[in-house]
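S.K.: Got a structure here, written out as structure tokens. Questions coming.
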Amino acid sequence: MSTPKIATWLHSLPRTPEAVRATVQRLADAGVDLLIPCVKQTDGLVDYPSVVANVRPEYQGWDALMIAAEEANRRGLAIHAWCCDFVEGTGSRLLAEHPECRAVQHGRATEGWSWACPRRPETQEYLLAIYRELIDRYPVQGVHLDYVRYADGFCYCDACRESYQRETGRDLLTRGFDTWQQPDAHDMDAWIAWRCAPVTAFVRAARAAAAAGGKALSAAVFPYLPGQLQDVGQDWEGWLAEGLLDDIMPMTYSMSTRIAAERTRNHRAAVAAMKGQCRLWEGLVRHRSWSAERFLRHVQTVAAQGVDGICIFDEPNVTDADLAGLGALGTTA
């Protein structure tokens with residue numbers, strides 16, 4: 001078995017140029033293959049000098065992503081720019097300019113840690129504009145989709161209700177707003193297909209944008225299948241069948257090594273069944289309570305199931321002892 005590659009998510013770029021360079025150097029020196037820094041957060045702010053979205057104050061006046069990308073390229077470390085897609089928040093320019101795009105849950109628009117309705121064309125174009133900005137301006141090897149789904153219990157906005165009525169002849173709100181309601185059993189397959197459709201359409205558009213710019217497209221996805229179809233409208237097996245992704249990272253965040261290994265085997269089978277070129281990176285959490293030995297045993301057992309890589313959440317939690325031990329992957333668990 002070939003030795004799996006190593007990637008790490010980085011949920012926030014460091015806030016000084018020196019710290020950005022030090023982080024990239026640390027990972028490159030340890031032989032990490034791929035860094036995935038988040039540049040659009042769940043609050044709707046972005047961490048690079050965007051003309052599309054509102055910029056976080058700490059990143060105004062300098063370009064942390066450009067420093068990271070240039071340093072990574074110099075050191076042979078690939079980088080994918082990561083965006084949290086349909087989740088927005090108090091910093092969202094989209095929701096400020098298009099409040100009608102705010103997702104409706106339990107009869108009212110989501111607030112605070114808000115979401116945007118994936119079905120609205122304004123939502124999709126706004127997010128695609130951010131991706132095009134990243135693709136066109138930065139020497140990154142790829143862009144990374146996250147939160148590319150619904151959350152439980154929405155969206156029931158007017159646009160969704162009209163769409164569902166037009167396509168199925170039924171009202172999404174037949175049973176009222178008081179609790180989250182899914183359609184009756186005889187409607188379930190139609191409802192799943194209808195709900196997955198705008199999310200998949202967005203992935204198709206992101207794929208086209210990435211391909212036009214010569215970039216790879218990767219995605220973090222829910223680890224259980226096929227339940228994610230019903231729960232969050234995320235048809236990632238369908239994306240693989242269409243060849244929409246170059247790299248897929250199921251978020252297998254269980255503290256149980258047995259559960260993580262069994263889910264990994266399911267993911268490997270799903271990827272293999274599509275006969276595509278998508279690489280499988282199993283996403284694992286580095287739990288702070290674990291010793292380096294416990295973490296590395298977990299990683300090694302999962303890697304032994306036959307994956308292309310391991311993607312670790314996230315870089316600040318990975319110790320020097322972890323990095324030193326990751327080179328042993330590929331040996332018998």
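The values are calculated or read from the model by the stated rules, or taken from the named source; none is laboratory data. Nothing here was measured: the structure is a model prediction, and the numbers come from that model. Surface accessibility is based on the protein's heavy atoms, side chains included, excluding ligands, DNA and RNA. Shrake-Rupley method; radii C 1.70, N 1.55, O 1.52, S 1.80 Å.
S.K.: Of the accessible area of the chain, with the probe set at 1.4 angstrom, what percent is carbon plus sulfur?
M.R.: Here it works out to 50 percent.
S.K.: Viscosity 0.890 mPa s, temperature 25 °C: Stokes-Einstein D of the chain from its Kirkwood Cα radius, in µm² per second?
M.R.: My calculation gives 119 µm²/s for D.
S.K.: For every helix of n ≥ 4 consecutive DSSP H residues, a contribution of -39,500 (n - 2.57) applies; sum these over the chain, divide by its total residues, and give [θ] at 222 nm rounded to the nearest 500 deg cm²/dmol.
M.R.: That calculation yields -12000 deg cm²/dmol at 222 nm.
S.K.: Say we join alpha carbon atoms closer than 10 Å with springs in a Gaussian network model of the chain; which of Ala272, Ala303, Ala210 then has the biggest fluctuation?
M.R.: Ala272
S.K.: Moving on. Would you mind working out the accessible area per residue for the stretch 181-333, using a 1.4 Å probe, and quoting it in Å²?
M.R.: Value for the stretch 181-333: 41 Å² per residue.
S.K.: Something else now. If Rh is defined by the Kirkwood formula over all Cα pairs and Rg also comes from Cα, what ratio Rg/Rh do you get for the stretch 214-282?
M.R.: 0.96
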